[in-house]
Each structure stands twice: as C-alpha cells, then as structure tokens.
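> Sending over a structure as structure tokens; questions will come in a sec.
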Amino acid sequence: MARLNINGQNRDVQVAADTPLLWVIREQVGLTGTKYGCGVAQCGSCSVHINGELVRSCSMRVGDVRPTDKIVTIEGLSRNSSHPVQRAWAAIDVPQCGYCQSGQIMAAAALLRKKPRPTDADIDEAMTNICRCGTYQRIRAAVHMAAGNGNGGSVGRGNRKS
Amino acid sequence: MTKTIHDTTAPVSRRKFIVGSAAVAGGGLALGFDVPLGAAQGQNAGNELGIWVVVRPNNDCVIRIARSEMGQGTITGLAQLVAEELECDWQRVKTEGLLPGQNLARKRAWGNMSTGGSQGIRQSQDYVRRGGAVARMMLLQAAANEWGVPVGELTVSKGTISHAASKRQTTYGRVAAAAVKLTPPDPKSIKLKDPKSWTIAGKPLKRLDTAAKLNGSLVYAIDLKLPGMLNAAIKDCPVYGGKLRSFDEAKVAKLPGVRKVVRVKDTAVAVVADTWWQAKTALDALPIVWDEGENAKVSDATIAQHIATGLTATETNGDRREGDALAAIAGAAKKIEATYSTPFLSHACMEVMNATVRLTADKAECWTPTQNLEASLAALSSESGVPLGQCEVYRHDLGGGFGRRGGTQDYVRKAVTVAKEFPGIPIKLIWSREEDQTHDFFRPISMAKFSAGLDEKNNLVGLHVRVSGQSINAHLNPAAMAGGRDMRQLQGFWAEAGDAQMGYTVPNLLVEYAMRNTHVPVGPWRGVNTNQNGYYLECFIEEVARASGRDSLEFRRAMMSKHPKHLAVLNAAAEKGDWGKPLPPGVHRGIAQFMGYGSYSAATAEVSVDKAGNVKVHRMVLALNCGHIANPDQIAAQVEGSVVYGLSATLFGECPVANGRMTSLNFDTYRMLRLAEMPKVETVTVPTYDFWGGVGEPTICVVAPAVINAIFTATGKPVRSLPVKNVKLV
Ligand code: FES
Ligand code: FES
C-alpha cells in the first residue's frame with residue numbers, strides 16, 4: 001500500500017514496494033501518457049517530475065516515493081496543453097510517432113524551470129532522451145522557442161507559422 | 001452558419017459508435033477515433049460520397065485513411081491529397097482510420113492497407129485523389145440540381161459552392177444529403193488537377209495528429225485498457241531454432257497477481273498476471289530449461305567466416321553483368337581492391353512489441369501496432385481458427401515501425417496463443433525491451449568485396465562487386481527467389497530505372513550476390529538493403545576517386561551523364577552542401593549519392609575527428625528527388641529522422657551474437673544517437689514532378705557513406721567496417 005500525490009491528487013495504491021513508479025503510474029493509477037521504453041534509465045520515455053525534479057520513473061521504486069512528494073506526469077503538466085513547451089512542440093510539429101514525446105516534453109519543461117534561457121550546450125546536456133524517429137533537431141528548436149529565444153533558427157524547410 | 005440545419009443521421013451514428021465501442025473496448029476513447037465508426041460500415045451512408053469521403057452537415061469533411069500512421073505523416077499527406085481534389089476547407093478536415101475487417105467486408109474497396117517500402121502515399125495517391133474528386137463532383141452536381149443550373153456554371157472554394165450568375169451560395173454540408181443519392185462518376189474517367197496548381201497538397205501544412213501526442217492522451221496499443229484485461233510477459237528461446245524444454249510453474253504460481261504460466265508453441269513461455277509488472281517479475285523468477293540446440297555454438301566469428309566464403313564462391317544468387325569486368329580489371333593500368341562489412345541491426349521501435357487479443361466463441365479481436373492491418377487480421381484468423389469474417393484488428397498509431405511491424409506478425413500470433421488459454425478475457429502481451437532486442441527480424445549481416453580498374457587517364461573501366469550475406473527473402477519470402485536468385489539483396493545496383501537503379505555507367509560491370517544465411521531471423525529495416533549497398537558502393541567509389549587523383553564529386557559526375565536524375569540530386573547536395581568551399585579547421589566534408597524506393601538521394605556531411613578518435617558530425621545536407629511532394633515539411637521530418645536512424649547505425653549500431661544469441665539487449669549497449677550528437681540537417685528537395693517516389697526510406701542510404709567519406713578526408717583512411725565505434729580512427 002502506498003499513497004502517491006500525482007497531478008495534485010492523492011492516490012492510494014495496492015502494490016509491492018519494489019514496483020517501479022513507472023508501472024504504478026501506468027497500471028495502478030491508470031495514467032498511460034508516461035511510457036515504457038527501456039526500464040533501465042536509458043531512454044527517458046518514462047520521465048516525470050517529482051517536486052519539480054526530472055525523474056526517470058522506471059528506475060525509482062514506488063516505496064521510495066513519500067506521500068508528500070508531488071509527482072507530475074505529462075497529463076498534469078498543464079491544462080489544455082498550454083505549457084510553453086507543449087505550445088512550441090505544436091508550433092514546430094515536433095512529434096513523429098510521438099511515443100517518446102511525453103518524456104521529451106517533461107525533460108524540456110524541467111530544463112526551462114532551471115534555466116529559462118538555455119543555451120545550445122544546456123540543451124545538449126539536459127535533453128538526453130532517446131527519440132528513435134529522430135526529432136532532435138525540432139526538439140532543440142522548440143526548446144529555444146518555448147524559452148522565447150526566437151524560433152531557434154531554421155529547422156527542416158517548412159513554413160512554421162501556425 | 002450551418003447551425004440551422006439539423007442532421008439526423010450523424011448524432012445517431014455517433015451515439016451508436018460510442019455505445020458500440022464501449023461494448024467492444026470499454027470506452028469510445030480507447031480506439032482513438034473521433035468520427036463515427038458507423039460511417040465506414042454504411043450506417044452513416046447518408047453522407048458517404050464515394051468511398052474516401054464523408055461530409056457532415058456541419059461541413060466537416062471526414063477523409064478515410066487506409067494506411068498505418070507510425071510517425072511518418074501518412075495521415076496528413078494522404079488527407080492533403082484527397083482534400084486537394086475535394087476542394088474542401090482544410091480547417092474542417094477530419095480523418096478516420098479504416099479497419100481491415102471493414103475493408104474485407106467491402107471486398108477490399110479501400111485497397112492495400114500495408115504500410116512499408118515507402119509505399120503509403122506513392123502507391124495510393126492516384127486512387128485517393130480520384131476519391132476526393134468523386135466527392136467534389138457529386139457535391140457540385142447536387143447543388144446544380146437544386147438550383148436548376150448547369151454544373152459547369154458552378155465554382156467551389158473551401159467547401160463553399162457558388163453560382164455567380166444568380167449570386168447563390170451553398171456549402172458541402174448542406175448539399176451532402178442530396179449528393180449521396182447521385183450515382184458516383186467512374187473514378188477512372190476523372191481528370192485530376194495539375195500538381196502545379198495545388199493549394200493544399202504540396203504545402204507545408206501542419207500535421208493533423210500532433211495534439212494528442214503532446215499531453216499523453218494518444219492511446220497507443222501498449223496503453224490499452226479493457227475491462228477484465230490481464231497482462232502477459234513472454235520469453236522465447238534466446239537461441240533461434242532452440243526449444244522450450246520445461247519450466248517450473250510452482251516456483252512462481254504464488255507470486256502476487258500471477259494467474260497462469262503458458263507454453264507458447266514449442267519455443268516460448270509466458271506468464272499471465274493482473275499487471276504487466278507482476279507478469280514480468282514472475283517471468284524473471286521462473287526457472288526455465290531451454291533446449292538450445294546446435295545453434296548455441298554460433299558466434300560472430302563463425303558467422304563472419306561463413307559470410308566470407310561468399311566473397312570468393314563460384315556459385316552466386318543473382319548478378320548484373322555488362323561487358324567483361326574481370327578482364328577489364330585484369331588489364332587495367334591501376335587496380336583498387338577493398339572489402340567491407342556491416343553487422344546485424346535491430347529496429348528498436350520506441351514502443352516495444354505488443355498485442356492485445358480477445359477470443360470469444362464467435363469472434364477474434366486484436367489491438368496492435370501494425371504496419372499491415374490486413375496481415376494482422378490474417379494472422380489473427382489463422383492462429384485463432386476464427387474465420388476471417390469474424391475477426392477484427394483495431395487501429396492504433398504505432399510507436400515506431402521501421403519495417404519491424406510488417407509482414408511477420410509474430411507478435412500477433414504469440415498473443416493469440418496466450419489468449420487461447422483465457423477465452424473471453426482480453427490478454428495484453430507486452431515484450432520487455434530485452435525480449436524486443438532478442439527477437440527481432442534483424443537487418444541482414446553482409447560483406448562486400450570490390451575491385452576496380454582505372455585506365456591511364458584514370459577513368460573507371462571495370463568494376464566488380466561481390467556482396468555476400470544473409471537474404472531477407474530466403475527468410476521471409478522464399479517464393480520471391482525464382483531459381484535461387486535474389487536480386488533484392490543487390491538493391492541499388494540494379495540496371496532497371498525507376499526503383500533502385502545504380503547511377504553510374506561503367507563500361508565493364510559485374511555485380512554479384514552470394515547468399516550466406518545464418519540462424520538469425522532477418523527482415524526489412526528502414527531502407528533495407530540500400531543501407532549496406534549504399535555504404536559499400538559509395539565508400540568504394542570514394543576510394544577509387546582518390547586513387548584516381550580526381551575530385552570526389554568530379555569523378556562521380558563523369559560517370560553519371562546517362563543518369564540525369566541521379567546527377568541533378570548529387571549536384572543539388574554538392575551546391576547546397578558547399579562542396580569545394582572552405583571549412584573551419586579540423587572539419588572535413590564527404591559526399592555520396594544512391595537510389596532506393598523510387599527516389600534519388602544524395603548527401604554531404606561535415607565531420608571532425610578529434611585526437612582521441614571521437615567523431616562529430618556537424619552538418620549534413622540531403623538532397624531528394626521524390627518526384628511529387630505531398631508535404632515538404634513532413635519530407636524534411638523524414639529526412640531528419642533518416643539521418644538520426646542512419647547515424648545511430650553508422651556510428652554505434654551492432655547486434656553481436658555469442659552462444660547463438662543476441663548480447664546487446666538494451667540501450668545501455670545498443671547505443672542510440674542523442675540530441676547532443678545531432679548534426680544540423682538541411683533538406684533540399686529537387687522534385688521533377690514526373691513520378692511518385694518514396695520518402696520515408698530513400699535518404700537513409702546516403703547517410704553512412706557521406707559521413708564515412710568525410711572521416712576518410714579527416715583521417716586519410718577508409719572505414720571498411722561498421723559501426724565506426726569499433727574502428728581505430730587515429
Ligand atoms: S523507460 Fe525509463 S528511461 Fe527508458
Ligand atoms: S517521435 Fe517517435 S520515438 Fe520520438
């Protein structure tokens with residue numbers, strides 16, 4: 001039995017303490033925007049925020065989460081996809097298959113909270129999630145856009161005005 | 001403006017859909033549709049105009065999509081093509097994914113649903129555009145009938161029909177109910193628009209499917225929740241060809257949530273539990289005895305030996321022969337030789353393999369990410385024994401495909417086998433990443449030996465190419481190998497125009513393939529054999545160009561006058577890639593061109609190699625002629641993605657084999673390119689508007705050779721085996 005605070009709500013779950021937080025979020029809490037990609041803290045698909053810090057939830061035991069810890073998943077990042085990162089992602093059409101994008105967006109949001117005007121080097125260091133479809137160029141541009149650093153330079157060749 | 005018109009059919013159908021799918025899926029949202037399913041089943045036929053378009057009274061135009069969306073933008077591109085001919089308001093376009101059971105019930109009216117070989121748009125563009133035109137003509141005719149004027153006097157713009165003489169206007173939504181009563185024109189009789197006049201197709205419009213990918217709301221198959229559903233984890237014998245001997249169910253039967261341990265055919269075992277984590281935990285604890293068989297002796301070294309025999313063998317499995325290459329090389333002023341190799345590669349889709357199956361007395365249902373809904377339907381039927389007409393596969397957008405989720409359908413068959421033990425209960429089978437890495441259909445391993453002869457003027461007078469390696473057809477489609485020949489493994493070396501034609505003219509040419517199969521399953525991997533062959537040919541041509549003392553670009557151009565499309569693309573890459581212009585200190589350039597999937601590709605790469613031998617790719621310019629362009633921004637996205645997929649493979653990718661099994665089982669060892677390693681990618685399209693080529697796959701084949709040729713410039717040494725990480729560069 002564990003009590004979790006997820007997206008502002010307390011949720012009591014019946015689950016073994018060594019279950020990864022990722023699977024508790026997906027299977028007990030029922031929020032499936034947070035994805036399984038590797039289970040070994042490599043890909044970042046499972047990224048959530050805990051007390052504002054970026055965490056790869058596949059590699060955190062649910063027993064190590066305190067009831068007072070504030071967990072935010074992609075579903076709780078904003079109302080109506082209004083977070084600047086989500087808006088920039090939409091403006092630049094970042095996603096391809098989209099599977100990694102919950103994790104990418106959570107990583108970018110955590111970066112911008114710490115560094116509102118990140119440099120390319122900051123983005124390199126912070127955005128280490130895997131995207132198998134290869135959306136990195138647009139991710140970089142969208143992080144800059146979300147930070148208000150202009151449109152992040154030219155990406156692709158399309159017209160990005162929405 | 002259409003609020004005064006009350007539709008009586010759509011809300012009913014909508015309700016039917018929600019009720020119906022709740023019964024099926026436990027919630028309408030689970031299927032990811034936002035339009036009435038009934039429409040495709042004829043229940044909403046009031047608005048169905050032809051087979052591709054449904055117009056709602058509120059002027060929404062629902063465009064049907066038969067192909068799978070795996071991130072490549074097919075939904076948006078196909079909708080643009082239909083909407084162009086339909087002349088509707090793009091802002092009112094909705095899409096509806098068709099199901100294979102629906103297609104079957106309508107005698108495959110919507111054609112082929114498979115999505116591979118970069119075929120999604122190019123193979124269906126003609127009939128879907130005609131489908132849009134059919135709907136437009138019916139709508140215009142309905143308005144003409146209502147007003148009693150000749151249809152030729154009407155104009156239409158963004159779904160609003162006008163009659164200038166009488167200053168009357170109406171909308172698609174208002175005339176749709178009348179239009180549906182008309183006999184559709186013969187689609188073949190329709191004249192399509194000149195692509196040069198397009199206003200929706202060919203434009204860099206935003207994707208239609210982005211919103212749900214930004215907030216976690218898109219339900220991938222792995223996310224599906226059904227009432228009463230159980231979860232399963234699976235382990236198949238890690239040695240291909242091995243068998244499951246036994247397992248000790250008692251050791252895990254009491255673990256939390258465990259329902260049953262199931263033998264899956266002769267080779268695998270699955271644990272079924274309440275949650276997937278419980279199933280996986282129990283599976284990891286389950287004592288399993290495998291009968292690994294003879295293949296457990298196979299390793300990288302034995303495979304390499306086996307493949308090397310194909311480099312010199314006298315018997316081959318397909319060739320292209322012009323002139324006498326061996327004699328020309330023997331008599332040449334200068335001879336060049338080199339041997340190259342490439343490893344097995346897994347697809348590693350971000351969404352691991354999964355399928356959910358429910359079998360009831362008279363119905364078989366499956367929810368799975370698939371590149372071929374009809375192949376999934378067939379596998380569901382044959383494996384379950386339920387007749388095709390009582391099967392359905394529900395559509396989910398794929399978390400990546402890259403060729404893994406096409407014809408093999410192993411994931412559907414395994415899920416059916418487990419579900420058979422639980423009649424009436426939906427079973428979601430999810431593979432762990434490790435299982436996914438172990439039981440792929442890998443990009444085939446191969447080697448290639450090249451020899452070339454230059455005359456006194458340093459012209460290439462003879463080229464001999466011997467490719468040896470595993471055959472995809474032998475593993476998946478032996479029927480395609482008439483007389484033991486398999487020209488698919490020579491993709492990109494072909495003489496025939498239009499698909500994967502070699503862009504050089506060599507007076508004496510011999511290209512041969514020697515099949516050397518292993519026990520490892522192989523299959524198509526984004527770009528398929530153009531990957532290896534593009535790397536082999538373009539890196540060898542680079543070696544020959546250097547031996548000739550001529551510029552790499554000039555040397556290539558001199559052999560391409562008979563292949564103007566290849567040449568134009570190479571020239572575009574060279575020009576936009578600043579060929580011949582100075583670079584910052586330590587940065588070097590490489591170039592390559594190749595053809596696959598009906599499109600012409602070329603690339604330049606700017607690369608540096610530091611003192612420790614670390615490679616950094618700074619910038620790549622890719623030129624593509626895919627004939628027509630459905631959406632330039634999505635072409636750019638596919639090119640960017642191809643660069644990432646191709647660079648991961650070039651720099652890091654390998655799936656080593658030891659004791660008969662794969663040893664690189666997760667992203668800690670199967671290294672992927674990360675954002676910090678992403679070069680700046682520029683996409684240059686040079687469309688000639690006289691053919692339809694592919695987009696998702698063609699450009700990947702020039703990524704490796706452009707980068708490797710730049711490394712050659714940087715270090716003065718060729719890289720003759722991939723991945724680069726295993727090569728000592730300095
Ligand atoms: S699933 Fe957690 S990092 Fe990959
Ligand atoms: S968008 Fe497909 S994995 Fe990132």
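> Go through region B:652-683 and give me each residue that's part of a strand (DSSP E or B) and more than 8 Å from chain A (Cβ to nearest Cβ).
If the condition is that a residue be part of a strand (DSSP E or B) and more than 8 Å from chain A (Cβ to nearest Cβ), then B:Val657, B:Ala658, B:Arg661, B:Met662 are the ones that fit.
> Here's something else I'd like to know. Can you find even one residue in region B:391-413 that is more than 27 Å from B:Ile75 (Cβ to Cβ), of a type in the set (S, T, N, Q) and outside the structural domain of B:Arg546 (by TED's automatic domain parsing)?
No: region B:391-413 contains no residue that is more than 27 Å from B:Ile75 (Cβ to Cβ), of a type in the set (S, T, N, Q) and outside the structural domain of B:Arg546 (by TED's automatic domain parsing).
> Of the residues that make up region B:517-532, is at least one touching a residue at least 60 places away in the same chain (Cβ under 8 Å), crowded, with 17+ Cβ neighbours inside 10 Å, under 21 Å from B:Ala325 (Cα atoms) and assigned by TED's automatic domain parsing to the domain that holds B:Ser721?
No.
> Sticking with this one: Out of (1) away from ligand 1 (no atom under 16 Å from the Cβ); (2) in contact with a strand residue (DSSP E or B) (Cβ under 8 Å, 6 or more places away or on another chain); (3) touching a residue at least 12 places away in the same chain (Cβ under 8 Å), what's the single condition that is false for B:Ala253?
Among (1) away from ligand 1 (no atom under 16 Å from the Cβ); (2) in contact with a strand residue (DSSP E or B) (Cβ under 8 Å, 6 or more places away or on another chain); (3) touching a residue at least 12 places away in the same chain (Cβ under 8 Å), B:Ala253 violates only (3).
> State yes or no: is B:Arg674 basic (Lys, Arg), assigned by TED's automatic domain parsing to the domain that holds B:Gln489, more than 16 Å from B:Gly534 (Cβ to Cβ) and free of Cβ contacts under 8 Å to residues at least 40 places away in the same chain?
Details: basic (Lys, Arg): yes; assigned by TED's automatic domain parsing to the domain that holds B:Gln489: yes; more than 16 Å from B:Gly534 (Cβ to Cβ): yes; free of Cβ contacts under 8 Å to residues at least 40 places away in the same chain: yes.
For B:Arg674, the condition - basic (Lys, Arg), assigned by TED's automatic domain parsing to the domain that holds B:Gln489, more than 16 Å from B:Gly534 (Cβ to Cβ) and free of Cβ contacts under 8 Å to residues at least 40 places away in the same chain - is met.
> Among what's in region A:63-85 and is among the hydroxyl-bearing types (Ser, Thr, Tyr) and away from ligand 1 (no atom under 16 Å from the Cβ), pick the residue that is nearest to the other protein chains (Cβ to nearest Cβ). Before the answer, list the steps.
Step one: list which residues in region A:63-85 are among the hydroxyl-bearing types (Ser, Thr, Tyr), which gives A:68, A:73, A:78, A:81-82.
Adding the requirement that they be away from ligand 1 (no atom under 16 Å from the Cβ) leaves A:68, A:78, A:81-82.
Values: A:Thr68: 24, A:Ser78: 8, A:Ser81: 5, A:Ser82: 10 Å.
Of everything passing the filter in region A:63-85, A:Ser81 is nearest to the other protein chains (Cβ to nearest Cβ).
> With the requirement that a residue be among the polar types (S, T, N, Q), facing chain B (nearest Cβ under 7 Å) and more than 16 Å from ligand 1 (Cβ to nearest atom), what does region A:86-124 give you?
If the condition is that a residue be among the polar types (S, T, N, Q), facing chain B (nearest Cβ under 7 Å) and more than 16 Å from ligand 1 (Cβ to nearest atom), then A:Gln86, A:Gln96 are the ones that fit.
> Taking the condition of being free of Cβ contacts under 8 Å to residues at least 60 places away in the same chain and either surrounded by 23 or more Cβ atoms within 10 Å (Cβ to Cβ) or not in a loop (DSSP other than H, G, I, E, B) (or both), how many residues in region B:188-211 meet it?
Matching residues across region B:188-211 total 4.
> Hey, among the residues in region B:161-186 that are crowded, with 17+ Cβ neighbours inside 10 Å and out of contact with any Gly (no Cβ under 9 Å at 6 or more places or on another chain), which one's nearest to B:Gly50 (Cα to Cα)?
Within region B:161-186, the match that is nearest to B:Gly50 (Cα to Cα) is B:Ala179.
> Also, quick follow-up: Could you tell me which residue of region A:57-86 is surrounded by the most Cβ atoms within 10 Å (Cβ to Cβ), considering only residues that are within 11 Å of the chain's Cα centre (by Cα) and more than 16 Å from ligand 2 (Cβ to nearest atom)?
A:Ser57
> Moving on to the next point. Return the residue satisfying two criteria in turn: it lies in region B:270-280 and is closer than 11 Å to B:Lys235 by Cβ and under 30 Å from the mean Cα position of the chain (by Cα), and of such residues it is farthest from the other protein chains (Cβ to nearest Cβ).
B:Ala270
> Which residues, counting only those in region A:40-49, are crowded, with 20+ Cβ neighbours inside 10 Å and more than 16 Å from ligand 2 (Cβ to nearest atom)?
A:Val48, A:His49
> Can you list residue pairs whose Cβ atoms sit under 8 Å apart, with the first residue in region B:694-710 being under 21 Å from B:Gly117 (Cα atoms) and the second being assigned to a helix (DSSP H, G or I) and of a type in the set (D, E, K, R)? Count only pairs 6 or more apart in sequence or on different chains.
Going by the 8 Å Cβ cut-off, the qualifying pairs are B:Val702/B:Glu538.
> Among the residues of region A:39-62, is there at least one that is more than 14 Å from ligand 1 (Cβ to nearest atom) and facing chain B (nearest Cβ under 8 Å)?
no
> In region B:662-675, how many are of a type in the set (D, E, K, R) and surrounded by 22 or more Cβ atoms within 10 Å (Cβ to Cβ)?
0
The rows are residues; the columns are (1) in contact with a Phe, Trp or Tyr (Cβ under 7 Å, 6 or more places away or on another chain); (2) free of Cβ contacts under 8 Å to residues at least 12 places away in the same chain; (3) within 23 Å of B:Asp236 (Cα to Cα).
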| site | (1), (2), (3) |
| --- | --- |
| B:Phe344 | yes, no, yes |
| B:Lys363 | no, no, no |
| B:Thr368 | yes, no, yes |
| B:Val386 | no, no, no |
| B:Gly399 | yes, no, yes |
| B:Ala419 | no, no, yes |
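> Six or more apart or on different chains, Cβ atoms under 9 Å: show the pairs whose first residue is in region B:563-577 and polar (S, T, N, Q) and whose second is assigned to a helix (DSSP H, G or I).
Every condition considered, the pairs that remain are B:Asn571/B:Leu553; B:Asn571/B:Arg557.
> Just give me the residues in region B:220-251 being within 14 Å of chain A (Cβ to nearest Cβ) and either among the acidic types (Asp, Glu) or in contact with a Leu (Cβ under 7 Å, 6 or more places away or on another chain) (or both), in sequence order.
Within region B:220-251, B:Asp223, B:Ala232, B:Ala233 meet the criteria.
> Could you check region A:19-38 and list, in sequence order, the residues that are surrounded by fewer than 24 Cβ atoms within 10 Å (Cβ to Cβ) and either touching a residue at least 40 places away in the same chain (Cβ under 8 Å) or more than 15 Å from ligand 1 (Cβ to nearest atom) (or both)?
Matches in region A:19-38: A:Thr19, A:Pro20, A:Gln28, A:Val29, A:Gly30, A:Leu31.
> Moving on to the next point. What helices (runs of 4 or more DSSP H), lying completely within region B:299-416, carry at least 2 residues that are modelled with pLDDT of 95 or more and either over 29 Å from B:Thr530 (Cβ atoms) or within 27 Å of the chain's Cα centre (by Cα) (or both)?
Per the criteria, B:325-330, B:373-384.
> Among the listed residues B:Leu454, B:Leu429, identify the single one that is over 16 Å from the mean Cα position of the chain (by Cα) and within 25 Å of B:Thr267 (Cβ to Cβ).
Just a single option satisfies the conditions, and that option is B:Leu429.
> Restricting attention to region B:383-397, and to residues there that are aliphatic (A, V, I, L, M) and touching a strand residue (DSSP E or B) at 6+ places or on another chain (Cβ under 9 Å), which single residue is nearest to the other protein chains (Cβ to nearest Cβ)?
Among those that are aliphatic (A, V, I, L, M) and touching a strand residue (DSSP E or B) at 6+ places or on another chain (Cβ under 9 Å), it is B:Val393.
The values are calculated or read from the model by the stated rules, or taken from the named source; none is laboratory data. All figures in this text were calculated on a predicted structure; none of them were measured in a lab. Glycine also receives a Cβ, built like all others from the backbone with ideal geometry; neighbour counts cover every protein chain displayed.
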